[in-house]
Amino acid sequence: MTYKIETGSSLLADIIIMQGDDRLSVEEEITAIAKEGGQDAFSDLNTTHLDGSVLNINEISMQLNMLPLGGNKRTVILDNALEMIKKKESRDWLQEVFSNFPPTTILILILEDKKKYKRGSMVWETVDSDHWLREMTSQFSEDIRWVELSLPPDREMPEWIKKEAEKQGGKFHPRAAVELSRLIGNDLFQARNEIEKAIFYVGEDKQVSADVVRLLSVSTKEENVFTLVDAVGQRNGRLAFKLLRELNKDFPIQYIFSMLVRQVRLLILSKEALLRGGGEKDVMAACKLRHTFIVKKLINQGRHFSIEALEDIYKSLDRIDEDCKRGRATMDAALDGLIAGITSK
């Protein structure tokens, strides 16, 4: 739901405020904005992510006033903007920024906020209808677009799941949607991943049933894959092969392969974030994860591998995929060979 009236159907504005706790929709909105604005060779160089909880207003101002490199516009994405607007000096500073906003910059403010039930209706916990920021932005309605992106309540998740499945080219039985909703609540990142995996498991031309959702139970399957990768990282070949055989009793080998590819990719993203000097929050953002305990497990697991080793494994998985598609190998034998090669070193 948008707070400010938009011009036509354009997603662009000088300043875009995204309020809510639906991080999936926030990311999709940012991607859509970048696409509408036109992407070129300089797009990555002209996109800056800032953290409002650690930067002061002078550092943010400096970023806003920098000129674009090669392109026409810079995009500055300010995460944790709620922490920034809580600061005493931010009110006068934002008034000045809005009044003299540089024409070569797009500012995206991300206000992580939740809705709560109050006096018979749902209202925002922090930046509600009478907050000073809303009053201030009303003075600049031509230049500011305000978008509200709240997570769907649990009762609406089954319908969200069915629609997301259709977007991914599959179909969920109503009972399957209810079952998945019961298992994961309104965690949209996890829901999207589970929908993708379930569609992959049954095939795009078949409907996902409640039994399939239960079979691919979120907690057990991810824990098993984590344990398998742990065994490989610790060079425990005997345990790794045992876990692989146990997984193969419940899942097709192609499905296990896809889960391993995903896990190695997450480990690479995690390792890269840490090597850049980041912490848990940076790993969470890089891997698009929502739960801290999964991030902690990922970081701990990554200690068993160097970034070079992970990249080599990823390349090996890519070769296995290519060889199996061309009939030069079988998935079972290729995975056995990969695990044996790693754990024997």
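The values are calculated or read from the model by the stated rules, or taken from the named source; none is laboratory data. In this text the structure is predicted, and so the values were computed from the model without any measurement. We place every Cβ from the backbone using ideal geometry, glycine too, and count neighbours over all the protein chains shown. Calculation scope for accessible area: heavy atoms of the full protein, side chains included, ligands and nucleic acids excluded. Shrake-Rupley method; radii C 1.70, N 1.55, O 1.52, S 1.80 Å.
Exactly one residue out of Arg303, Arg328, Arg319, Arg262 is basic (Lys, Arg) and closer than 17 Å to Asn193 by Cα, and it is Arg262.
Annotation: of all residues in the range 35-87 being of a type in the set (D, E, K, R) and in a loop (DSSP other than H, G, I, E, B), the one that is surrounded by the most Cβ atoms within 10 Å (Cβ to Cβ) is Lys73. Contact annotation: residue pairs with Cβ atoms under 7 Å, 6 or more positions apart or on different chains, pairing a residue in the range 326-345 that is in a loop (DSSP other than H, G, I, E, B) with a partner that is open to solvent by 40 Å² or more (accessible area, probe 1.4 Å), are Ala329/Asp323; Lys345/Arg235.
Contact annotation: residue pairs with Cβ atoms under 8 Å, 6 or more positions apart or on different chains, pairing a residue in the range 230-242 that is modelled with pLDDT of 85 or more with a partner that is open to solvent by 50 Å² or more (accessible area, probe 1.4 Å) and of a type in the set (A, V, I, L, M), are Ala231/Leu239.
Among the residues of the range 273-295, those identified as of a type outside the set (A, V, I, L, M) and either surrounded by fewer than 18 Cβ atoms within 10 Å (Cβ to Cβ) or over 13 Å from Arg23 (Cβ atoms) (or both) are Arg276, Gly277, Gly278, Gly279, Glu280, Lys281, Asp282, Lys288, Arg290, His291, Thr292, Phe293.
Could you go through the range 113-130 and let me know if any residue there is in contact with a helix residue (DSSP H, G or I) (Cβ under 6 Å, 6 or more places away or on another chain), surrounded by fewer than 20 Cβ atoms within 10 Å (Cβ to Cβ) and not in a loop (DSSP other than H, G, I, E, B). No, there is no match, as no residue in the range 113-130 is in contact with a helix residue (DSSP H, G or I) (Cβ under 6 Å, 6 or more places away or on another chain), surrounded by fewer than 20 Cβ atoms within 10 Å (Cβ to Cβ) and not in a loop (DSSP other than H, G, I, E, B). Looking across the range 254-306, the residues that are in a helix (DSSP H, G or I) and polar (S, T, N, Q) come down to Gln254, Ser258, Gln263, Ser270, Thr292, Asn300, Gln301. Of the candidates Val283, Val261, Val218, the single residue that is touching a helix residue (DSSP H, G or I) at 6+ places or on another chain (Cβ under 7 Å) and at pLDDT below 85 is Val218. Looking only at the range 203-214, residues that are in a helix (DSSP H, G or I) and surrounded by fewer than 17 Cβ atoms within 10 Å (Cβ to Cβ) come to 2 in all.
Being in contact with an Asp or Glu (Cβ under 6 Å, 6 or more places away or on another chain) and surrounded by fewer than 18 Cβ atoms within 10 Å (Cβ to Cβ), is that true of even one residue in the range 236-247? Looking through the range 236-247, none of the residues is in contact with an Asp or Glu (Cβ under 6 Å, 6 or more places away or on another chain) and surrounded by fewer than 18 Cβ atoms within 10 Å (Cβ to Cβ).
Of Glu223, Glu204, Glu166, all but one fail to be within 21 Å of the chain's Cα centre (by Cα), under 30 Å from Ala32 (Cα atoms) and of a type outside the set (Lys, Arg); the exception is Glu166.
Of all the criteria given as (1) open to solvent by less than 60 Å² (accessible area, probe 1.4 Å); (2) within 16 Å of the chain's Cα centre (by Cα); (3) in contact (Cβ under 8 Å) with a residue 12 or more places away in the chain, the one not satisfied by Phe305 is (2).
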